[in-house]
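Beneath this line is the structure, given in structure tokens, with notes to follow.
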Ligand SMILES: [Zn+2]
């Protein structure tokens with residue numbers, strides 16, 4: 001048996017050689033998968049004629065990339081693609097990345113079936129690659145990265161060279177393409193593509209291998225007094241599943257010992273397999289928080305020293321596909337972070353209670369309706385606006401005005417303030433629309449700075465955003 005898959009390659013970059021690179025990938029990408037799957041995977045690559053002009057050049061964020069991916073998907077007008085591969089200039093949040101793979105977007109209650117597809121495609125970043133490779137190696141690295149990211153689309157994890165699944169960006173030079181191949185273990189997986197949803201693109205979520213996962217053992221989690229510390233915290237410990245709550249993560253180096261000056265990889269993000277959030281459900285079942293994207297490598301290091309911890313927050317209410325918490329009751333949550341070979345540290349664990357619905361309470365009913373809207377829920381998840389989110393802003397404004405003292409109001413003020421501020425900074429709004437967004441952003445951020453229920457971290461972020469807007 002075998003499976004034919006149409007791979008649409010879309011060129012977003014306007015680099016002069018981008019189209020030629022796409023053609024080279026189209027010519028060379030099928031053979032490694034054919035051989036690496038014992039002829040089970042027959043890729044049919046082609047360069048898409050999709051032309052988005054200059055709107056999609058330069059650095060792009062996850063959402064913009066995903067939006068282009070949808071236009072390539074099966075059922076999209078004039079498209080019969082099973083997998084999408086984008087050639088973009090760079091990834092806006094991290095411009096040193098070579099590539100990434102997309103799992104299902106955060107899409108609670110979405111009726112668009114294509115938004116529910118897992119492992120739907122990937123992107124490679126030409127500027128990221130060009131910055132670290134000389135002209136002679138540049139094209140080979142693009143081809144390698146395309147094969148590597150597509151390997152993730154077939155649910156393969158990272159593995160050591162000479163496999164295509166080694167993280168090439170962490171090496172100073174490109175691997176010779178001729179000596180790369182999928183490993184025997186990878187072939188065992190790839191050859192089941194036609195018969196298994198765990199391998200087939202669009203099938204199970206990334207990292208979910210069902211019965212095929214036999215050989216995968218998670219590393220032990222160590223904690224010793226002189227190791228760096230990982231701490232997690234939440235402003236609130238009881239909430240409804242649809243409330244936009246954030247998890248605070250703090251990483252700190254010890255004052256003494258060998259770790260105090262060791263560089264720590266800049267991979268404290270659920271998009272990396274080095275960092276995970278673990279959720280234990282009320283039933284005791286343990287699962288991993290599912291990221292909507294999968295990063296491969298970051299060669300940068302965290303900006304951290306013993307007197308300066310690294311802090312960030314994560315919109316933990318949403319994950320790939322759905323709300324992160326599906327059950328009512330107490331969940332135990334902790335995080336793990338691989339900081340070096342064979343060293344994975346584990347955080348404290350916290351208990352979070354998902355509250356039952358209160359259908360007799362009109363405030364709950366109103367909040368439930370507004371925050372189940374896929375556009376508004378995404379607005380608070382990504383803290384950005386787009387055309388359909390802008391049209392529905394009024395619903396969030398109204399919800400935030402109902403119960404001023406409810407902690408949910410603080411969370412909405414914070415999320416709204418940041419999305420509006422982002423629009424003012426990065427959007428194309430002009431004139432009275434811009435003035436309106438600016439004054440609303442200041443209003444909500446300023447309200448957020450005064451809320452004790454938001455916790456110190458978010459109050460500080462709101463203050464910083466507010467100050468930068470006033471400049
Ligand atoms: Zn990778």
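Going by alpha carbons, how many degrees (0 to 90, nearest 10) lie between the helix axis of 62-72 and the longest principal axis of the chain?
50
Over the chain, calculate the relative contact order: mean separation of alpha carbon pairs under 8 Å at least 6 apart, over the residue count, as a percent. Present the calculation step by step, with values, prior to reporting the outcome.
Working: 930 pairs, mean separation 59.0, N = 471.
The normalised contact order for the chain reaches 13 percent.
Looking at the chain, send over the antiparallel percent of its DSSP beta bridges, to the nearest 5.
Among the beta bridges of the chain, antiparallel pairing accounts for roughly 65 percent.
Helix 431-449 versus the longest principal axis of the chain: what angle, 0 to 90°, nearest 10, using Cα atoms?
Taking Cα atoms only, the helix is inclined about 70 degrees.
Scattering from the C-alpha atoms of the stretch 229-354 alone, worked out with Debye: what is log10 I(q)/I(0) at q = 0.16, 0.17, 0.22 1/Å?
These q points yield log10 I(q)/I(0) values of -0.79, -0.88, -1.34.
How do 158, 294, 426 line up, fewest other C-beta atoms within 10 Å first?
Working: 158 15, 294 23, 426 12.
Ascending number of Cβ neighbours within 10 Å: 426, 158, 294.
Stretch residue 425-residue 42 to full length: gain in nm at 0.36 nm per residue minus the Cα-Cα span?
Numbers: separation 383, 0.36 × 383 = 137.88 nm, distance 4.52 nm.
Between residue 425 and residue 42, full extension yields 133.4 nm more.
Starting with the highest mean, order 315-325, 169-179 by the number of other Cβ atoms within 10 Å, averaged over the residues of each peptide.
Numbers: 315-325: 22.1, 169-179: 13.5.
So the peptides 315-325, 169-179, ranked by packing, come out 315-325, 169-179.
Sort 156, 352, 86 so the one with the fewest other Cβ atoms within 10 Å of its own Cβ comes first. Walk me through the numbers on the way to the answer.
Working: 156 23, 352 20, 86 29.
Ordered by Cβ neighbours within 10 Å, fewest first: 352, 156, 86.
Working out 0.36 nm times the residue gap between residue 391 and residue 262, then minus their Cα-Cα distance, what length gain in nm do you get to one decimal?
Working: separation 129, 0.36 × 129 = 46.44 nm, distance 4.85 nm.
Full extension of this stretch gives 41.6 nm more.
Going highest first, how would you order 141-151, 388-398 by mean Cβ packing within 10 Å? Present the calculation step by step, with values, prior to reporting the outcome.
Details: 141-151: 25.5, 388-398: 15.2.
Per-residue mean Cβ counts within 10 Å order the peptides as 141-151, 388-398.
Expressed in whole Å with the largest first, what are the equivalent ellipsoid semi-axes of the stretch 348-433 derived from the C-alpha gyration tensor as the square root of 5 times each eigenvalue? Numbers along the way, then the final one.
On the way: eigenvalues 134, 52, 27 Å².
So the equivalent ellipsoid measures 26, 16, 12 Å along its semi-axes.
Mind giving me the FRET efficiency for residue 406 and residue 372? R0 is 22 Å, r the Cβ-Cβ distance, nearest 0.05 is fine. Spell out each step's value before the answer.
Working: r = 17 Å, r/R0 = 0.79.
Once rounded, the FRET efficiency stands at 0.80.
Whole number please: convex hull volume per residue of the Cα set in the chain, in Å³?
Numbers: hull volume 76.4 nm³, N = 471.
For the chain, the hull spanned by Cα atoms encloses 162 Å³ per residue.
Would you calculate the volume per residue, in Å³, of the smallest convex hull containing every Cα atom of the stretch 143-290?
On the way: hull volume 27.0 nm³, N = 148.
Per residue, the Cα convex hull of the stretch 143-290 comes to 182 Å³.
Per DSSP H run of n ≥ 4, the term is -39500 (n - 2.57); total these for the chain, divide by its residue number, and report the mean residue ellipticity at 222 nm rounded to 500 deg cm²/dmol.
-9500 deg cm²/dmol
What ranking do 55-61, 21-27, 124-130 get when scored by the average of other Cβ atoms within 10 Å per residue, highest first?
Numbers: 55-61: 16.4, 21-27: 18.9, 124-130: 23.1.
My ranking of the peptides, most packed first, is 124-130, 21-27, 55-61.
Taking the Cβ-Cβ separation of residue 307 and residue 24 as r and a Förster radius of 51 Å, what is the calculated FRET efficiency to the nearest 0.05? Before the final figure, lay out each step's value.
Working: r = 49 Å, r/R0 = 0.97.
E(calc), rounded to 0.05, equals 0.55.
Rounding to the nearest 10 and keeping the result within 0 to 90°, find how far the Cα-based axis of helix 18-28 lies from the longest principal axis of the chain.
That works out to roughly 60 degrees.
Taking 7 Å along the Cα-to-C-beta vector as the label spot, tell me the residue 299-residue 61 distance in nanometres, rounded to one decimal.
Simple spin-label model gives 2.7 nm for this pair.
Between residue 237 and residue 287, take the C-beta separation as r, use R0 = 25 Å, and let me know the FRET efficiency to the nearest 0.05.
Working: r = 20 Å, r/R0 = 0.79.
FRET efficiency, residue 237 to residue 287: 0.80.
Values in this text are rule-based calculations from the coordinates and carry no lab data. Since we're looking at a predicted model, the values are computed, not measured. Heads up, the Cβs are rebuilt from the backbone with ideal geometry, glycines too, and the neighbour counts pull from every protein chain shown.
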